[in-house]
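The values are calculated or read from the model by the stated rules, or taken from the named source; none is laboratory data. Values in this document were obtained by computation on a predicted structure and should not be read as measured data. Positions of Cβ are generated from backbone atoms using ideal geometry, with glycine treated the same way; all protein chains shown enter the neighbour counts. Surface areas here come from the heavy atoms of the whole protein model, side chains and all, with no ligands, DNA or RNA. Shrake-Rupley method; radii C 1.70, N 1.55, O 1.52, S 1.80 Å.
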2 protein chains.
Amino acid sequence: MPRQQTAKSQKSATRVPINPQIRISFKKSIAMGPGKADLLDAIAATGSISAAGRKMQMSYRRAWLLVETMNACFREPLVETLIGGQHGGGARVTPLGEEVVRRYRQMEAKAARSVTREMAAFAALMAPGNV
Amino acid sequence: MPRQQTAKSQKSATRVPINPQIRISFKKSIAMGPGKADLLDAIAATGSISAAGRKMQMSYRRAWLLVETMNACFREPLVETLIGGQHGGGARVTPLGEEVVRRYRQMEAKAARSVTREMAAFAALMAPGNV
């Protein structure tokens, strides 16, 4: 198996960018995934769905739809909107929303760690210039 | 923490659909991901890039672009096209392509197993009707 010999002779193949992404489905919706987790972080950082959408280069409408989907998928809303604000008003991530993001990030990190060794072997199959 | 009590009182929360997806980057391209792995399987099954594209409801052009990206990211092509076929000709997945898909699927499965316990806890935060 010449291919495997090549793999073994590689100096270091541990730095391949691996991006394990977890998507959690609920009925036909994606309840939580990379984009929604980032949106929650952005809402927490900006206090606003519209500002968070701009930060993520998505339309206000799209940001709202993602928030609506998330809120419908969990036992309680992950994002609360505040009445009275202008242009969409303010918004905040609820304690449940914070917990969901925290657990989601932990799962992402754990999933990535679980395949560290396999990724090193995989990296040796890739074209030079990557490692 | 009423939320956690609610979580514990759930009968079973282990069947939430989790879909850990791994994307492997190479420079600015995604070298391997869920769509490309499925495309390789479809090419292996149909012996044709165009038939594989139809099976995955993507355009011939898109299927070709995905194949070109994959082939450029690895040490050798993952897909070989056969000269002389009509309308795109035949294609086959190379031994390296088979190895890449196999390793990719193994990583996906291992990543999923690594977060089984966390997913059960996460599921308890989701709206009823999912488990």
query: Which of the GluC sites (Glu not before Pro) across region B:24-131 are loop residues per DSSP, with 12 or fewer other Cβ within 10 Å?
result: none
- request: Kindly tabulate the residues in region A:104-118 with an accessible-area decrease of at least 30 Å² between the chain alone and the assembly of all protein chains, using a probe of 1.4 Å.
  value: A:Met107, A:Lys110, A:Ala111, A:Ser114, A:Val115, A:Glu118
message: Give the aspartates and glutamates reachable from B:Lys36 as a straight Cα distance under 18 Å; neighbours fewer than 8 places away on the same chain don't count.
response: B:Glu68, B:Glu76, B:Glu80, B:Glu98, B:Glu99, B:Glu108
Stokes-Einstein D for region B:21-104, Kirkwood Rh over Cα pairs, 4 °C, 1.567 mPa s (µm²/s): 103 µm²/s
- request: At a probe radius of 1.4 Å, figure out the A/B buried accessible area, summed over both chains, and give it in Å² to the nearest 100.
  value: 4100 Å²
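Add +1 for every Lys or Arg and -1 for every Asp or Glu among the other residues with Cβ under 15 Å from the Cβ of A:Ala51, and state the total.
Working: positive: A:Arg54, A:Lys55, A:Arg61, A:Arg62, A:Arg92; negative: A:Asp38, A:Asp41.
So the surrounding residues net to +3.
Between A:Arg105 and A:Ala72, what is 0.36 nm times their sequence separation minus the Cα-Cα distance? Round to one decimal in nm. Present the calculation step by step, with values, prior to reporting the outcome.
On the way: separation 33, 0.36 × 33 = 11.88 nm, distance 2.04 nm.
Taking 0.36 nm per residue and subtracting the Cα distance, the gain is 9.8 nm.
Going by accessible area, probe 1.4 Å, with all protein chains left in place, what is the ranking of A:Met58, B:Met119, largest first? Mind dumping the intermediate values first?
Working: A:Met58 35, B:Met119 10 Å².
So the residues, ranked largest to smallest area, are A:Met58, B:Met119.
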